[in-house]
Amino acid sequence: MWRVYAVIVVVWLALLPPLFTAGACTAQFDAESAKLQADAAKIRTVESALQYWASRSLPVATLSVDECRQAKPRFLSRCGSGPLVYVKVPVENQVCRVYRGSEIKVQLQYDEFGRLARMAIDMNPFKTFPIPFTSHAIHWAK
């Protein structure tokens, strides 16, 4: 019988940490989004974006129009008219890294003239579990 209790305790301990992130996961995502919005002038062109990410010491991947048309990555719905700059910003909080994802994905799509056309920032979503018969919910790894 003690083994059943041990299993329950282990499962409970595995599920517990994401409840106490105090919004750290979403806070880092929001901070990264705000930083990119504030630094929009620094990423208006492909060249300036490459310099911007190099100054932040983050690895950058670029995808030309031809490369995209030959082998479109799964994360794109369609290829744009210009190059794509793709960056993975590491998540700092260890609990967030385990339960929500280890990176914030940033996609900067440029047009055929090298100007920023679209910016997409993404992170794995947190889970929400509504508490029945109340207006409250539990946010897991928020």
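Among the candidates Lys35, Lys72, single out the residue that is over 20 Å from Arg115 (Cβ atoms) and assigned to a loop (DSSP other than H, G, I, E, B).
The unique qualifying residue is Lys72.
Among the residues of the range 73-91, which ones are surrounded by 12 or more Cβ atoms within 10 Å (Cβ to Cβ) and under 20 Å from the mean Cα position of the chain (by Cα)?
Pro73, Leu76, Leu84, Val85, Tyr86, Val87, Lys88, Val89, Val91
Within the range 89-111, how many residues are part of a loop (DSSP other than H, G, I, E, B), in contact (Cβ under 8 Å) with a residue 40 or more places away in the chain and closer than 24 Å to Leu76 by Cβ?
Residues in the range 89-111 being part of a loop (DSSP other than H, G, I, E, B), in contact (Cβ under 8 Å) with a residue 40 or more places away in the chain and closer than 24 Å to Leu76 by Cβ: 2 in total.
Can you tell me which residue within the range 49-67, out of those that are free of Cβ contacts under 8 Å to residues at least 24 places away in the same chain and surrounded by fewer than 15 Cβ atoms within 10 Å (Cβ to Cβ), is nearest to Phe113 (Cα to Cα)?
That would be Ser64.
Which of (1) more than 17 Å from Lys105 (Cβ to Cβ); (2) of a type in the set (Val, Ile, Thr); (3) at pLDDT 90 or above is the odd one out, the single condition Val60 does not satisfy?
Evaluating Val60 over (1) more than 17 Å from Lys105 (Cβ to Cβ); (2) of a type in the set (Val, Ile, Thr); (3) at pLDDT 90 or above leaves (1) as the failure.
Confirm whether Ser33 is touching a residue at least 24 places away in the same chain (Cβ under 8 Å) and either exposed (fewer than 11 other Cβ atoms within 10 Å of the Cβ) or among the hydroxyl-bearing types (Ser, Thr, Tyr) (or both).
yes
Is at least one residue of the range 116-124 surrounded by fewer than 15 Cβ atoms within 10 Å (Cβ to Cβ), part of a strand (DSSP E or B) and of a type in the set (Asp, Glu)?
Yes, the conditions are met somewhere in the range 116-124.
The values are calculated or read from the model by the stated rules, or taken from the named source; none is laboratory data. Since the structure is predicted, the reported quantities are computational estimates derived from the model, not experimental observations. When we count neighbours, we look across all protein chains shown, and the Cβ atoms used for this are built from the backbone with ideal geometry, even at glycine.
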